[in-house]
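Asks: Before I ask anything, let me first share the structure, which is written out below as structure tokens.
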Amino acid sequence: MSKTEVDIEEQSFLKEVTSHLPLDWSDERRDAYIQHVLISWRQHREHSREEQRLMEKYLSTIQQHFKPQSSELYDFNQWPINENLLAMLNRDSIDSDIVKQIESSGAYTFSFLPTTFCQLLINEIAYFEQWCIDNGLKLYRPNSMNKYGVILDHFGFEKCLTDIVTNIVQPLTRLIYKHITLPLDSHHGFIVEYAMDKDKKLDFHVDDAAVTLNLCLGEEFTGGQLYFGGIRCSSHTSTTPPKHDEEIYLEHQVGTACLHLGNHRHRALPITSGRRLNLILWCRSSNFDDERKKNGNNECPTWCGFHQMKIEENV
Ligand SMILES: [Zn+2]
């Protein structure tokens with residue numbers, strides 16, 4: 001970044017801070033306060049830039065030196081996606097024998113990939129993790145909650161996952177979740193791993209996504225069910241407990257995917273034996289995010305479970 005750009009960044013920060021200071025402060029008090037925030041702001045900025053530099057170095061090392069073990073896995077056109085699902089998407093209508101809603105929860109499951117292909121993906125992930133160890137690279141983990149697993153977009157899967165969003169998740173979203181404004185124009189794709197000596201469970205949360213695709217890859221395990229506890233808008237994510245009929249448990253099956261709203265609260269129950277890997281694809285829509293920002297999170301939308309409870313109470 002050039003000196004001029006830095007100055008502009010700093011100036012706009014100062015302008016923002018100054019505009020919020022109480023009018024009755026003396027000049028000395030204002031100056032002292034501004035000096036104080038400016039120092040910590042500069043430290044924070046330097047820290048973020050360092051993180052950014054490390055990330056860029058990590059990604060460029062992978063891009064230059066990592067050679068896939070099975071390169072066909074990185075090509076969406078070579079993914080053996082369930083024929084019935086593809087035929088249904090061609091017809092552009094939901095067949096409830098193919099894409100099944102879990103009770104009336106708003107979460108859906110469908111056969112997605114053969115178990116043999118899922119195992120190939122697991123092998124490729126293990127190969128990448130080992131490559132990182134061999135090359136002294138510290139892996140970036142998927143998110144703040146998962147300490148194991150990898151980010152697929154970091155080592156060659158970005159295009160393939162974009163194709164999955166465009167060809168599978170987006171058409172399904174158009175048919176199922178009509179309130180989501182399309183297109184789904186960005187994603188975060190990663191693998192989560194649960195085992196007795198690693199992460200065992202994941203606490204109750206919502207995803208940073210409009211829609212999430214969650215595919216079980218394997219291997220052998222018991223426990224680890226996916227628990228759902230109601231769809232909530234951002235105002236009601238942590239305030240209203242699930243109603244009895246919002247509580248849903250899903251047993252993972254290798255090769256089967258679950259599609260749910262990012263705002264559908266969920267947790268992964270503890271694994272009780274073995275090892276479980278799931279491919280998670282958070283799909284985002286900048287249009288949908290902008291609409292929610294404009295709304296200022298003030299108005300509870302009709303798709304929020306709390307909104308529906310209010311309607312039921314008034315009937
Ligand atoms: Zn709400």
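The values are calculated or read from the model by the stated rules, or taken from the named source; none is laboratory data. Source: prediction; values computed, not measured. Positions of Cβ are generated from backbone atoms using ideal geometry, with glycine treated the same way; all protein chains shown enter the neighbour counts.
Asks: Scan T222, T256, T272 and give me the residue that is of a type in the set (V, I, T) and surrounded by 17 or more Cβ atoms within 10 Å (Cβ to Cβ). Don't jump to the end; show me each part of the working.
Replies: On the way: T222 fails: surrounded by 17 or more Cβ atoms within 10 Å (Cβ to Cβ); T272 fails: surrounded by 17 or more Cβ atoms within 10 Å (Cβ to Cβ).
T256 is the lone residue from the list that is of a type in the set (V, I, T) and surrounded by 17 or more Cβ atoms within 10 Å (Cβ to Cβ).
Asks: Just wondering, is there one or more residues in region 145-157 that are under 30 Å from E246 (Cα atoms) and either over 19 Å from the mean Cα position of the chain (by Cα) or hydroxyl-bearing (S, T, Y) (or both)? Explain how you work it out, then say what you get.
Replies: Here is the first cut: in region 145-157, the residues under 30 Å from E246 (Cα atoms) are 145-149.
Then drop every residue that is not either over 19 Å from the mean Cα position of the chain (by Cα) or hydroxyl-bearing (S, T, Y) (or both), which leaves 148.
Taking every residue of region 145-157 in turn, at least one turns out to be under 30 Å from E246 (Cα atoms) and either over 19 Å from the mean Cα position of the chain (by Cα) or hydroxyl-bearing (S, T, Y) (or both).
Asks: Determine whether region 254-274 contains at least one residue that is part of a strand (DSSP E or B), within 16 Å of the ligand (Cβ to nearest atom), over 20 Å from L217 (Cβ atoms) and not charged (D, E, K, R).
Replies: yes
Asks: If you take the residues of region 13-31 that are closer than 21 Å to R42 by Cβ and assigned to a loop (DSSP other than H, G, I, E, B), which of them is modelled with the highest pLDDT?
Replies: L21
Asks: While we're on this one: Scan region 286-306 residue by residue and report those that are within 9 Å of the ligand (Cβ to nearest atom) and either surrounded by 14 or more Cβ atoms within 10 Å (Cβ to Cβ) or not in a loop (DSSP other than H, G, I, E, B) (or both).
Replies: C300, P301, W303, C304, G305, F306
Asks: Turning to a different aspect of this structure: Taking into account only those residues within region 98-132 that are closer than 18 Å to Y74 by Cα and among the hydroxyl-bearing types (S, T, Y), which is surrounded by the fewest Cβ atoms within 10 Å (Cβ to Cβ)?
Replies: T116
Asks: Within region 228-253, take every residue that is exposed (fewer than 15 other Cβ atoms within 10 Å of the Cβ) and charged (D, E, K, R) and give me the one that is nearest to the ligand (Cβ to nearest atom). Before you say what the answer is, go through the steps one by one.
Replies: Of the residues in region 228-253, the ones exposed (fewer than 15 other Cβ atoms within 10 Å of the Cβ) are 234, 238-239, 241, 243-245, 247, 249, 251, 253.
Those left that are additionally charged (D, E, K, R): 243, 245, 247, 251.
Details: K243: 13, D245: 17, E247: 18, E251: 29 Å.
Checking each candidate, the answer is K243.
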